[in-house]
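Okay, structure first, notes after.
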Amino acid sequence: MQGMIHEECGVFGIWQKEDADLARLLYHGLTALQHRGQEAAGIAVNTDRVISYHKGLGLVHEVFDDAELDKLGHGNIAVGHVRYSTSGSNSVINAQPMVVKHVKGQLALCHNGNLTNSFELRRKLELSGCIFQTTSDTEVISYLITRNRLNTPSIEAAVEKTMDELTGAYSLVMMSPAKMIGCRDPHGLRPLCLGTTQESGYVLASESCALDAVGARYVRELDPGEIVVIDKDGIRSIRTHCNKEAHRICVFEYIYFARPDSVIEGVSVHEARRRAGAFLAQEHPAEADLVMGVPDSGLDAAMGYAEATGIPYGMGLVKNKYIGRTFIAPDQNSRDKLVRLKLNTIDSVIKGKRIVLIDDSIVRGTTSARIVKLIRQAGAKEVHMRISAPPFLFPCYYGTDIDSKNSLIANGHSILDIAKMIDVDSLGFLSVENALKLAGEDGKVCAACFNGDYPAGAPEHAEKDRFE
């Protein structure tokens, strides 16, 4: 991913009939979702109807050691979260799960996505006397659920009523003292899947790869608008919000966010990316000697491009997986060195060849230019860049941190301009038409960042730091 776009968040929950060391299962599940957020992590465990939790800034293995996991103890329900801050600053107060105490008990809430009406909801709550501790829109959701719980017969009824008030993107996994609940927004913008364990338990997770990590079996994706309730009586669905809106899962789940070994709504992410590469080969062929991808997000599409064209696929770039994403380079010289730290070339593969270089996106273009510079320094004869997504033209309000057009290079620059700016011999982007086919021919995806069609509307206040 070239530029400034970052992942969203990952949510995970597990319910079992008997108490078990669920904190460690959560640890494994969240580690499998680490690609979705590297700023903070948290786990909450329900032991005898009492919720204990620990959360902090950093990667899962940095936040949790054996001592912290032991403190959380055994329980029969647990929920967890890995965070990238799309709303609110990167502060420990914004880490999740968000655990609240209210007159009916406790609630631990994990949220992936962004509300489009969070500013208005928060202002209304503040004017009625609510005091907020965080700058995240997740606290708005927790306030609404606990407030609605006062006048409803159950926590799931409170969630159902709260969904009447929310607009935007949200997949939620939460637990009360007796239940685990999952729900998706009526458009299904963010993914959430259900699995079962061998111990007659249930798992909810952002992606199926997290089910694999804990030995759970994938059952299905929750439907848009569906609420799933799991307790001692089993599992049941509340579907009052289903089929109210057009189904529009984020297309960028297939292009970049999800892990390639995940299955989302029945579609293999790896196969979707290979399909993107094949579409690129049709739309933007090139006379070349080698196809290579930018690790890791460009590799699957590069395979698809190579298969469709017959041009050999090769590994010309190697990624150092031990460089943390939170590393901040203070100046231009440092950023150039950082690219060398993160990526290096295999000169013998590249030298003297005409290269087709595949990546998933260009945002500002600065990182792309540095990678192209590396490849030219390695002796490439020509560099033809192909992007497995259309040009970014519009902000995303549903769970990524593009809250403005200002940083998008495709605004105000033609494709020829961008090609010159990043120093490539040719440049081609996937068409919006084919991007809509990545999840299948029915095209039930949101591609608002490419075409400006916002299924859940656009917020009046979109700034990431709107609550700061």
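The values are calculated or read from the model by the stated rules, or taken from the named source; none is laboratory data. As the structure is a computational prediction, the values presented were derived from the model and not from experiment. FYI the Cβ positions are ideal-geometry reconstructions off the backbone, even for glycines, and counts take in every protein chain you see.
Matching residues to (1) buried (at least 17 other Cβ atoms within 10 Å of the Cβ); (2) within 26 Å of Ala306 (Cβ to Cβ):
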position: Ala380; (1), (2): yes, yes
position: Phe392; (1), (2): yes, yes
position: Pro395; (1), (2): yes, no
position: Thr400; (1), (2): yes, no
position: Asn406; (1), (2): no, no
position: Ile415; (1), (2): no, yes
position: Ile422; (1), (2): yes, yes
position: Phe429; (1), (2): yes, yes
Q: Kindly indicate whether Val159 is in contact (Cβ under 8 Å) with a residue 24 or more places away in the chain, closer than 17 Å to Val11 by Cβ, surrounded by fewer than 24 Cβ atoms within 10 Å (Cβ to Cβ) and in the same structural domain as Val50 (by TED's automatic domain parsing).
A: no
Q. Can you name the number of the only condition in (1) in contact with a helix residue (DSSP H, G or I) (Cβ under 8 Å, 6 or more places away or on another chain); (2) farther than 30 Å from Ile346 by Cα; (3) surrounded by fewer than 20 Cβ atoms within 10 Å (Cβ to Cβ) that Ile264 fails?
A. (3)
**Q.** Selection from segment 94-137 of residues that are among the small types (Gly, Ala, Ser) and either part of a strand (DSSP E or B) or not assigned by TED's automatic domain parsing to the domain that holds Val50 (or both)
**A.** Gly105, Ala108
Q) Which one of Arg49, Arg36 is in contact with a Gly (Cβ under 6 Å, 6 or more places away or on another chain), of a type in the set (D, E, K, R) and farther than 9 Å from His81 by Cα? A) Arg36
Q.
Condition first: part of a helix (DSSP H, G or I) and in contact with a helix residue (DSSP H, G or I) (Cβ under 9 Å, 6 or more places away or on another chain). Now tell me which residues in segment 341-361 satisfy that.
A. Asp347, Ile350
Q. Given the conditions (1) within 16 Å of Ser176 (Cα to Cα); (2) touching a helix residue (DSSP H, G or I) at 6+ places or on another chain (Cβ under 7 Å); (3) touching a residue at least 40 places away in the same chain (Cβ under 8 Å), and given that Val45 satisfies all but one, which numbered condition is not satisfied?
A. (3)
Q) If Thr240 satisfies every condition in (1) in contact with a helix residue (DSSP H, G or I) (Cβ under 7 Å, 6 or more places away or on another chain); (2) part of a loop (DSSP other than H, G, I, E, B); (3) assigned by TED's automatic domain parsing to the domain that holds Ala378 but one, which is the exception? A) (3)
Q. Looking at Val140, Val159, which is the one that is aliphatic (A, V, I, L, M), part of a helix (DSSP H, G or I) and over 20 Å from Lys55 (Cβ atoms)?
A. Val159
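Select, from Arg259, Arg364, Arg370, Arg275, the only residue that is modelled with pLDDT of 90 or more, charged (D, E, K, R) and outside any helix (DSSP H, G or I).
Every option except Arg259 fails the conditions.
For every residue, the table says whether it meets (1) in contact with a Ser or Thr (Cβ under 8 Å, 6 or more places away or on another chain); (2) in a strand (DSSP E or B); (3) surrounded by fewer than 21 Cβ atoms within 10 Å (Cβ to Cβ).
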| residue | (1), (2), (3) |
| --- | --- |
| Asp19 | yes, yes, yes |
| Arg24 | no, no, yes |
| His61 | yes, no, yes |
| Leu69 | no, no, yes |
| Val82 | no, yes, no |
Q: Go through segment 413-457 residue by residue and tally those that are in contact (Cβ under 8 Å) with a residue 40 or more places away in the chain and either farther than 24 Å from Arg370 by Cα or in contact with a Leu (Cβ under 9 Å, 6 or more places away or on another chain) (or both).
A: 28
Q: Find all pairs meeting these conditions: Cβ atoms under 6 angstrom apart; at least six residues apart or on different chains; first residue within segment 64-78 and farther than 30 Å from Gly234 by Cβ; second residue in a strand (DSSP E or B).
A: Glu68/His54
Q) Restricting attention to segment 394-429, which residues are within 27 Å of the chain's Cα centre (by Cα), more than 26 Å from Tyr170 (Cα to Cα) and either part of a loop (DSSP other than H, G, I, E, B) or among the small types (Gly, Ala, Ser) (or both)? A) Ile409, Ala410, Asn411, Gly428
(Q) Anything in segment 192-213 that is surrounded by fewer than 24 Cβ atoms within 10 Å (Cβ to Cβ), assigned to a loop (DSSP other than H, G, I, E, B) and not hydroxyl-bearing (Ser, Thr, Tyr)? List them, or say none. (A) Gln198, Glu199, Gly201
